[in-house]
1. Considering each of Ser86, Ser47 in turn, give the residue that is surrounded by fewer than 17 Cβ atoms within 10 Å (Cβ to Cβ) and of a type in the set (Ser, Thr, Tyr).
2. Among the listed residues Ala260, Ala238, Ala229, which satisfies the condition of being open to solvent by less than 30 Å² (accessible area, probe 1.4 Å), modelled with pLDDT of 95 or more, of a type in the set (A, V, I, L, M) and on the phi > 0 side of the Ramachandran plot?
3. Check Val248 against each of (1) in contact (Cβ under 8 Å) with a residue 12 or more places away in the chain; (2) over 21 Å from Gly48 (Cα atoms) and name the one condition it does not meet.
4. Quick check: anything in region 229-241 assigned to a loop (DSSP other than H, G, I, E, B) and not polar (S, T, N, Q)?
5. Evaluate the following for Ser161: is it in contact (Cβ under 8 Å) with a residue 60 or more places away in the chain, small (Gly, Ala, Ser), out of contact with any Cys (no Cβ under 8 Å at 6 or more places or on another chain) and open to solvent by 30 Å² or more (accessible area, probe 1.4 Å)?
6. Say whether the condition of being within 24 Å of Ile255 (Cα to Cα) and in contact with an Asp or Glu (Cβ under 7 Å, 6 or more places away or on another chain) is met by at least one residue in region 118-125.
7. Testing Glu63 on (1) open to solvent by 50 Å² or more (accessible area, probe 1.4 Å); (2) in a helix (DSSP H, G or I); (3) farther than 23 Å from Ile300 by Cβ, one condition comes back false. Which one is that?
8. Has region 173-182 got any residue that is open to solvent by 50 Å² or more (accessible area, probe 1.4 Å) and assigned to a strand (DSSP E or B)?
Amino acid sequence: MKKSSKLSFVLLLVLVLVFVTACSNSGGKTSSDGKIVLGFAQVGAESGWRSANTKSIQDSAAEAGFELKFSDAQQKQENQIKAIRSYIQQKVDVIAFSPVVESGWDTVLKEAKEAGIPVILTDRAVDSKDTSLYKTFIGSDFVLEGRKAGEWLLEQYKDSSEDINIVELQGTTGSAPANDRMAGFADVISANSKLKVIASQTGDFTRAKGKEVMQAFLKAHKEIDVLYAHNDDMALGAIQAIEAAGLVPGKDIIIISVDAVKDGMQAASEGKINFIVECNPLLGPQLMTAVKKVLAGEEIPARIVTEETTFTSEQAKQALPTRQY
């Protein structure tokens, strides 16, 4: 073979190798066995609701045949940002996460966008003005949940001639459900000047903190008529504090909660919680469907709202035997 021919052959071989390498790395996101790879950054394991949400995502990913890369942020935004950056480096197909708080996501979401990795928000929203940074938000309407809680309370005290003192256990400060559940509730009860929120403090969505804050409320305020808790776990912690104070939850203090997980429904069936607004944690199937559509290039709605209901104590008693979470 002539020298020039050998050189041409070597150059051709190099070009082929470069092309093959480029092809294998382009997209390079699916796993070695061809599965879709989904990176999911969870808030944590702060409540029964969150545990049910995690299980739904894990089970649904397995059923869909996806490879799931899962991280628990332990309720810290910096941990979620690290996890998302790790998913970008690993070149996953899709990144999904439930934001710990609403603000501070633009930089890392821009990094995902520049890497060509679509992002799906679940359960909680972000407050970014650039909606091109994510494909869709799947979850509840938290403002509506707060409004449902307020509407029930408004009806209960529509004929009251006395002030009704309300204490509020907020969710994690800065989180979408805490902000929205508070806003929706406040908007509705403002229609009755007798309904007064005399104290409002975060319980971080946990049972232990709910108990601690309720103990402080009971010490600081002699007359508490109503407790509005942003989730069942805080309500359940508050019930412990109320009972320890020699009061009867559901009678001496009317309790409204959000979530409708099994423990909350059990307390409602016993009359300890008077009204629960459902927040469905089983978002896994909807998420996997959205992932498939996004990767197929199909259009999906920018907002996918989950269908939910409410429960009085009697309705909770009826629904409890068949409750999935």
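1. Every option except Ser86 fails the conditions.
2. Of Ala260, Ala238, Ala229, the one residue that is open to solvent by less than 30 Å² (accessible area, probe 1.4 Å), modelled with pLDDT of 95 or more, of a type in the set (A, V, I, L, M) and on the phi > 0 side of the Ramachandran plot is Ala260.
3. With (1) in contact (Cβ under 8 Å) with a residue 12 or more places away in the chain; (2) over 21 Å from Gly48 (Cα atoms) applied to Val248, the lone miss is (1).
4. Among the residues of region 229-241, at least one is assigned to a loop (DSSP other than H, G, I, E, B) and not polar (S, T, N, Q), which makes the answer yes.
5. Numbers: in contact (Cβ under 8 Å) with a residue 60 or more places away in the chain: no; small (Gly, Ala, Ser): yes; out of contact with any Cys (no Cβ under 8 Å at 6 or more places or on another chain): yes; open to solvent by 30 Å² or more (accessible area, probe 1.4 Å): yes.
Judged against the criteria, Ser161 is not a match.
6. No - not one qualifying residue is present in region 118-125.
7. It is condition (3) that Glu63 fails.
8. Checking region 173-182: not a single residue is open to solvent by 50 Å² or more (accessible area, probe 1.4 Å) and assigned to a strand (DSSP E or B).
The values are calculated or read from the model by the stated rules, or taken from the named source; none is laboratory data. Treat the numbers as computed from the prediction; the structure is a model and nothing was measured. A quick note on method: Cβ atoms are made from the backbone with ideal geometry, for glycine too, and the neighbour counts reach across all protein chains shown. Note: areas computed on protein heavy atoms with side chains; ligands, DNA, RNA excluded. Shrake-Rupley method; radii C 1.70, N 1.55, O 1.52, S 1.80 Å.
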